[in-house]
Amino acid sequence: MNKLKPSAAPVAPGRDIKTIVNASLKRRHAAERRFRWYGLIAIGLGLIFVALMFTNIIGKGYPAFWQAYVQVPITFDPAVIDPQGNRDPKAIETADYAALVRAGMRQLFPAVQGRLELRALYGLISSDAAYELQRQVQQNPALIGASQEVWLLTSATVDTFVKGNIDRTLDETERLVKDNQIEWIDKLLAAGKIQKQFNTVLFGNGDSREPEQAGIRGALMGSFFTLVVTFLLSFPIGVATAVYLEEFAPKNRWTDLIEVNINNLAAVPSIVFGLLGLAVFINFFGLPRSAPLVGGLVLSLMTLPVIIIAGRAALTSVPPSIREAALGMGASKLQTVGHHVLPLAMPGMLTGSIIGMARALGESAPLLMIGMVAFIVDVPKSFMDPATVLPVQIYLWSDLPERAFVERTSAAIMVLLAFMILMNGLAIVLRKRFERRW
Amino acid sequence: MIKNKLALAATATIALASTAYAQSARDYISIVGSSTVYPFSTAVAEQFGKGSSFKTPKVESTGTGGGFKLFCGGVGVQHPDISNASRKIKSSEIETCAKNGIKEIVEVNVGFDGIVVASSKKNKPMPLTTKNLWLALAKEIPDPATGKLVANNAKTWKDIDATLPANKIEVLGPPPTSGTRDAFVELVMDHGCKEFDAIKELEKSDEKKAKAVCQTIREDGAFIEAGENDNLIVNKLVANPNALGLFGYSFLEENLDKIQGETIDGVAPAFESIADGKYPVARPLFFYVKKAHVGVIPGIKEYVAEFTSEKAMGDEGYLSAKGLIPLPAAKRKQVAADANSLKAMTP
Amino acid sequence: MSTTAVETAVSLDNALSTAIGARKQSSVEVTDYDSRQTVGKITVDHPKMICREVNVYYGEKHAIKNVGLDIGTNEVIAFIGPSGCGKSTFLRCLNRMNDTIPICRVTGQIKLDDDDVYDKSIDVVQLRARVGMVFQKPNPFPKSIYENVAYGPRIHGMVNNKTELDELVRDSLERAGLIKEVEKRLDEPGTSLSGGQQQRLCIARAIAVNPEVILMDEPCSALDPIATAKIEELIDELRENYTIVIVTHSMQQAARVSQRTAYFHLGDLIEIGDTDQIFTNPRHKLTEDYITGRFG
């Protein structure tokens, strides 16, 4: 080394290093600027697409958070509800509440005559109105005999019309609301008897074939139960596997094989897990179709590789000096991992898990195989009740002919996106909060 | 080691859960099958759930074939009770059912579904025939001069029929996995090709070949597979006024402000024309009931009664409001009577 | 001890510069660069550890070749040598830290008092409690200062209650010369300390379990001169109670803190002897070249 003596650099005569560098400087800066532009354009494009998607979905979906209601004078006629006068719950349950609704509508528009006209008039009200009255009377039998103004759900067509999604200038044959219906709606609107209220139905009901009665509560609960099962299974198993493979397992052909397989599993199309779930959990173990338990099992198969890979990455990012410090103190391997390595890797593991869970939340394909792509009205109450999940609900609604489902589909997408953003946000917060630098 | 214990615990949980489940019978009806019947089946299920003391049935949208696969899986609570279908059950499916112990199946024809060829309202109506549709969409067509089969090169509708406009041939339709596509092939393509003598000749000599020629749809971009979602096809038609789209009648009814149904063989797709059988592209819809489950799973009989009642599948029933084309009154009566007496299919 | 550590260091520094200045007149016994026989006396009167015919292999690589030496009770012995000479590898044999490297294989005999370190009956947990270690880069746990020191006593169950633990932590910090600086901030994270303080925290952590031997793997290489001086002073004080093995790149440091010095070269122990002798009168040509700065 010390033999090196300063000598003239092999440069062309008459040109010093300054000129040489200056000559290429411009080109280098230009290349750098160009690269920055490429980056900006790429990000810009991405943002534009995200913005397009959001404006499209929010633009379509936000009206779904309001719902048109009509105020109808209802006479809770004892002769209809409780002809015996003994307040028999059975009689109250089976009474013809639709007749009360019809009477109320006739009271609003006494001039309407004829079977067809009346049918059109009754068509303004959702078929749920009768059940709404039933619920009110069951809750408060004192209503029987009283007369009250009641806000009732309008039918989906009225709702769509009130929101301005049906063009009234079109020919009558081309739109779903007829001329006489428009006339009535206009009158009701002018009298303030049709109002848009917050759509509690959307968040309070299960699925329905009537758009105005359809809600995502069933799907949300289904997603909740499914994800609980997924998390309870995949997180501990994933963490244990990652820890074992990373910290304890000898490095040999077997562990290599396992590693390759785990990485492969992470890339397997999710429908395959659905097939596996069908074969193992439903056909072999005899678990019920459409149950969140099975959905959770299938999704945890899918989430496991993600958690294992993220967990191993988090473990490798823990500096070896921490392991050495603990081992050097005489801590056993398990103590070293349990006291030091795992707590330090936990934020990374949680982040990976949350991202895996977010993926599981958005998954619908594997659930088709195990019967969760289904019409389920009752909100599931346990892990064994038939249920569907949010992305499946979106898929099912998007395929229905009724126009009013379009905005509800978008609204459901908004809810799903909100949960996704929430979960990924949580992952970022966890990372920022617990991230350590060495 | 931790892993092993966890795996053990998980297995134990599953085993426990499954035994717990096996002991408790299912108290709701499980329905699987066609996505075309799904909107009607769900509507009935919902009404049934609300109007009776039974639980609302669970309706899975699995496709007709997938539905039968599950339906014919066996007898017992873990197997579905009813399968919806947008076509008749195949003999092979009946055999599978029989092999798995399902001997008695009740077939219920609930109505019709029309398949419409529609375009944007911005476009002029274009009277179509099954023959023209076949000429536009078949992969190989007979040369008008020699009758020999040649690749289909028609670019515009005018190329096929001078009376049609010079619009590019673009038909948006569902993929081959869809029942709508099956029905279109069967009702339009198979009929259209029989109009040619060359095909009739071929049918005599090589039936298989003739079938293939009739049913094979061209792959050079004239027919565009636009996915299973009919709403998507409607939206694409609005965006592309020159294109035609294939989908179920209920989507036309719901979107009359944006799209129009083209007449086929001189008949416009309308409720009445499909109901009385004049419109050529209509298919029957069914559901099939596993008789062995009646009385085991509560409510099956009542569900069948609800579906076949006049207030559901009658002329002015709630299913017709959802787009189902009702059967003729006499047929309906017969179907309802057979269904309610649970008359099994004769093998 | 009649002289302080600093005085010793100064006198040795002088000796070192003398040696460097007078290298022309050196009269080494072994002039053959290829002679790999250990020069000097490897045994001591009261050995704490005895190593004989130690060989270490990393897969195919023969990293330590037939090394034998004794480590005296309550002495500071320095391992010196150029990078890659195997001094750290050998150090890590003494508490079996090499076990964590799957491809590493150790043969020969290493005894701690009468126990064979590599015997099957010896649990590494017990061994490492007896032979503590301080690493090149300060590596406190990302926990509080208190928790760092309390960790060892806790896992080994050395105390019965919180009071005892508090006392032990304070005592350890005191002996590591850190107590004044951290007394008020025991709950702050160990990583918030300066580099030198962190290293002394690591020493406090090591002595909290009261080991018999402390291994130090270049403990000052990441520290500035002032922090280094403090650690060196500390090592000198700790010698009273512990046997210390230190690996260092700095010959001055070896000269200042150690009583005996071992010079390693390419996996061989070339020369071992009293530190004074090694630095003033090396007996092997390789040692002379190294301490006079001709290579390394």
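The values are calculated or read from the model by the stated rules, or taken from the named source; none is laboratory data. As the structure is a prediction and not an experimental result, all values here were calculated from the model. Don't worry about glycine lacking a Cβ; one is built from the backbone with ideal geometry, like all the others, and counts go over all protein chains shown.
Out of region A:205-216, which residues are within 14 Å of chain B (Cβ to nearest Cβ) and not small (Gly, Ala, Ser)? Selection gives A:205, A:207, A:209, A:210, A:211, A:212, A:213. The residues on offer are A:220, A:227, A:202, A:265, and the sole one that is in a helix (DSSP H, G or I), in contact with a strand residue (DSSP E or B) (Cβ under 9 Å, 6 or more places away or on another chain) and either in contact (Cβ under 8 Å) with a residue 24 or more places away in the chain or within 27 Å of residue B:40 (Cβ to Cβ) (or both) is A:202.
Please indicate, with yes or no, whether at least one residue in region A:127-142 is touching a helix residue (DSSP H, G or I) at 6+ places or on another chain (Cβ under 7 Å), surrounded by fewer than 19 Cβ atoms within 10 Å (Cβ to Cβ) and assigned to a loop (DSSP other than H, G, I, E, B). No, there is no match, as no residue in region A:127-142 is touching a helix residue (DSSP H, G or I) at 6+ places or on another chain (Cβ under 7 Å), surrounded by fewer than 19 Cβ atoms within 10 Å (Cβ to Cβ) and assigned to a loop (DSSP other than H, G, I, E, B).
Checking each residue in region B:223-255 for being buried (at least 19 other Cβ atoms within 10 Å of the Cβ), over 14 Å from residue B:121 (Cβ atoms) and away from chain A (no Cβ under 14 Å) picks out B:223, B:246. Only one of the numbered conditions (1) buried (at least 19 other Cβ atoms within 10 Å of the Cβ); (2) more than 14 Å from chain A (Cβ to nearest Cβ) is violated by residue B:124, and that is (1).
Across region B:23-46, the number of residues qualifying as farther than 26 Å from residue B:247 by Cα, more than 8 Å from every other protein chain (Cβ to nearest Cβ) and modelled with pLDDT under 90 comes to 4.
Given the condition surrounded by fewer than 19 Cβ atoms within 10 Å (Cβ to Cβ), among the aliphatic types (A, V, I, L, M) and at pLDDT 85 or above, answer yes or no: does some residue in region B:197-212 qualify? Checked against the condition, which is being surrounded by fewer than 19 Cβ atoms within 10 Å (Cβ to Cβ), among the aliphatic types (A, V, I, L, M) and at pLDDT 85 or above, region B:197-212 yields at least one hit. Among the residues of region B:47-80 satisfying the criterion of being touching a strand residue (DSSP E or B) at 6+ places or on another chain (Cβ under 6 Å) and at pLDDT below 90, which is farthest from the other protein chains (Cβ to nearest Cβ)? Selected residue: B:64.
What do you reckon, is residue C:238 among the aliphatic types (A, V, I, L, M) and surrounded by fewer than 21 Cβ atoms within 10 Å (Cβ to Cβ)? For residue C:238, the condition - among the aliphatic types (A, V, I, L, M) and surrounded by fewer than 21 Cβ atoms within 10 Å (Cβ to Cβ) - is not met. Among residues of region A:409-433 that are assigned to a helix (DSSP H, G or I), those with a Cβ under 7 angstrom from a residue that is of a type in the set (Phe, Trp, Tyr) and surrounded by fewer than 18 Cβ atoms within 10 Å (Cβ to Cβ), sequence gap 6+ or separate chain, pair up as A:411/A:65. Looking at (1) of a type in the set (Lys, Arg); (2) part of a helix (DSSP H, G or I); (3) within 14 Å of chain B (Cβ to nearest Cβ), which is the one condition that is false for residue A:187? Of (1) of a type in the set (Lys, Arg); (2) part of a helix (DSSP H, G or I); (3) within 14 Å of chain B (Cβ to nearest Cβ), only one is false for residue A:187: (3). Could you please let me know if residue A:327 is within 14 Å of chain C (Cβ to nearest Cβ), in a helix (DSSP H, G or I) and in contact with a helix residue (DSSP H, G or I) (Cβ under 9 Å, 6 or more places away or on another chain)? Considered against the rule, which asks whether it is within 14 Å of chain C (Cβ to nearest Cβ), in a helix (DSSP H, G or I) and in contact with a helix residue (DSSP H, G or I) (Cβ under 9 Å, 6 or more places away or on another chain), residue A:327 comes out as yes. Taking region C:174-190 as the range and being surrounded by fewer than 16 Cβ atoms within 10 Å (Cβ to Cβ) and touching a residue at least 12 places away in the same chain (Cβ under 8 Å) as the test, the residues that pass are C:185, C:187, C:188. Evaluated against (1) in a loop (DSSP other than H, G, I, E, B); (2) out of contact with any Asp or Glu (no Cβ under 9 Å at 6 or more places or on another chain), residue B:188 falls short on exactly one condition, (1). Scanning region A:388-405 for residues being within 7 Å of chain B (Cβ to nearest Cβ), of a type outside the set (Asp, Glu) and closer than 28 Å to residue A:299 by Cα gives a total of 3. Counting only strands (runs of 3 or more DSSP E) that fall entirely inside region B:71-178 and contain at least 1 residues that are of a type in the set (Asp, Glu), within 30 Å of residue B:218 (Cα to Cα) and within 26 Å of the chain's Cα centre (by Cα), the qualifying elements are B:105-120.
Each row is one residue, and each column tells you yes or no for (1) without any contact (Cβ under 8 Å) to a residue 12 or more places away in the chain; (2) assigned by TED's automatic domain parsing to the domain that holds residue A:415; (3) outside any helix (DSSP H, G or I).
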| position | (1), (2), (3) |
| --- | --- |
| A:44 | yes, no, no |
| A:49 | yes, no, no |
| A:52 | yes, no, no |
| A:57 | no, no, no |
| A:69 | no, no, yes |
| A:73 | no, no, yes |
| A:87 | no, no, yes |
| A:98 | no, no, no |
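Residues in region A:154-181 that are among the hydrophobic types (A, V, I, L, M, F, W, C) and within 14 Å of chain B (Cβ to nearest Cβ): A:156, A:161, A:166, A:170, A:176, A:177.
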